[in-house]
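Heads up: the structure comes next, in structure tokens.
Laboratory data are not the source of any read-out in this text; all were calculated from the coordinates shown. Predicted model only: the values in this text are computed from it and were never measured. When we count neighbours, we look across all protein chains shown, and the Cβ atoms used for this are built from the backbone with ideal geometry, even at glycine.
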Amino acid sequence: MSREKIGLALWGLAGLALLASGTAKVFGAEMMVNALGANTLWVGLIEWACVLAMFLPTTRQLGFFLCASYLGGVIATEWLTMGGVPIPGLVLNTLLYVGIALYSPSAMGYLLGGNKVE
């Protein structure tokens, strides 16, 4: 299996988890509504938009940055409001970053030896 396929598989796992989470929010799962209140639908739609951008080949790198940013917010919110270690956000963000490093090292810039973006 090639590096690119492994990277896409890691992205796919994270994307499916985000898609499931967004679906639960859009359809008003009780746990999500209790946590997010009136903003549940909007957060779910934003999550769907990020995942859609990640799954479309032409916007894949933009989708990565949107999903990684969204998960950064998840990590910060869980850490600051719930007081625990935000394991789900950390795991999903790690899957995204490892996935893009394998799929498209140039998207990581100089961090992992990728090409300079001009």
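Summary table
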read-out	value
Failed item, numbered, when N39 is tested on (1) closer than 16 Å to G99 by Cβ; (2) more than 11 Å from the chain's Cα centre (by Cα); (3) not acidic (D, E)	(1)
Residue satisfying condition, being part of a helix (DSSP H, G or I), without any contact (Cβ under 8 Å) to a residue 40 or more places away in the chain, basic (K, R) and more than 18 Å from L95 (Cα to Cα), within set K25, K5	K25
